[in-house]
1. Tell me, what ³J(HN,Hα) does each residue in region 21-33 have, in order and in whole Hz, if you take phi through Karplus 6.51 cos²θ - 1.76 cosθ + 1.60 with θ = phi - 60° and put x for Gly and Pro?
2. Per 0.36 nm of contour for each residue apart, how much would the distance between VAL54 and SER70 grow if the chain were fully extended, relative to their Cα-Cα spacing?
3. How large is the Kirkwood hydrodynamic radius of region 14-111, in angstrom, based on all distinct alpha carbon pairs?
4. How would you rank TYR10, TYR77, going from fewest to most other Cβ atoms within 10 Å of each one's own Cβ?
5. Using θ = phi - 60° and the Karplus relation 6.51 cos²θ - 1.76 cosθ + 1.60, list the HN-Hα couplings for region 39-49 in order, rounded to whole Hz, with x at every Gly or Pro.
6. For a Förster distance of 25 Å, can you work out the FRET efficiency between the beta-carbons of VAL86 and VAL109, rounded to the nearest 0.05?
7. Assign one of three labels to region 19-62, namely rounded, prolate or oblate, based on the Cα gyration tensor with a ≥ b ≥ c the square roots of its eigenvalues; rounded applies when a/c is under 1.5, prolate when it is not and a/b is larger than b/c, and oblate otherwise.
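FYI, it's all coordinate maths here, none of it is from the lab. Owing to the predicted nature of the structure, the values given are computational and were not obtained by experimental measurement. No Cβ is skipped: glycine too gets one built from the backbone with ideal geometry, and neighbour counts run over all protein chains shown.
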Amino acid sequence: MMGRQDLMTYLSMLRDLILAEREAAKELAMDKLLVLAAEKECLLKKILPLSDTVDQLTDAEKELSEAVYSENLRNAYFLWSALKWVRASMGFMGDKMYPDSYEENGSMVKVPYSGALLSGRF
């Protein structure tokens, strides 16, 4: 059975992994992100058995778990914003690959972007 000190150690390690994850994301270091994700998953599996004792946390454990939650939420917003930016960029580039054309009657036809840049197909 995991002790209370183990919980503090694991929460500390999780916070550090989350901070490292943010730095790896900023550097676009996908290999680091994959390693960190695997480490986080292992750590969370170790913490999970204590989830039913959440109402018995000490003040220090609550403070550290709130910091972990806050940093993880910050990463989620950062990664979500980055994903929106990538999608917008890909859409912009896709629009440039398939310029608008015109029908016989002169009305404009916009060819939908099909994700060719991501898939490698043209």
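1. Values per residue, Gly and Pro as x: 4, 4, 5, 5, 5, 4, 7, 6, 8, 5, 4, 5, 4 Hz.
2. Numbers: separation 16, 0.36 × 16 = 5.76 nm, distance 1.68 nm.
The span from VAL54 to SER70 would gain 4.1 nm if fully extended.
3. Details: mean 1/r = 0.0588 Å⁻¹.
The Cα-based Kirkwood calculation yields 17.0 Å.
4. On the way: TYR10 18, TYR77 9.
Fewest-to-most Cβ neighbours within 10 Å comes out as TYR77, TYR10.
5. 5, 4, 4, 4, 5, 5, 5, 6, 7, 3, x
6. Numbers: r = 27 Å, r/R0 = 1.08.
Taking R0 as 25 Å, the efficiency between VAL86 and VAL109 is 0.40.
7. Values: a/c = 5.59, a/b = 2.20, b/c = 2.54.
It comes out oblate by the Cα gyration axes.
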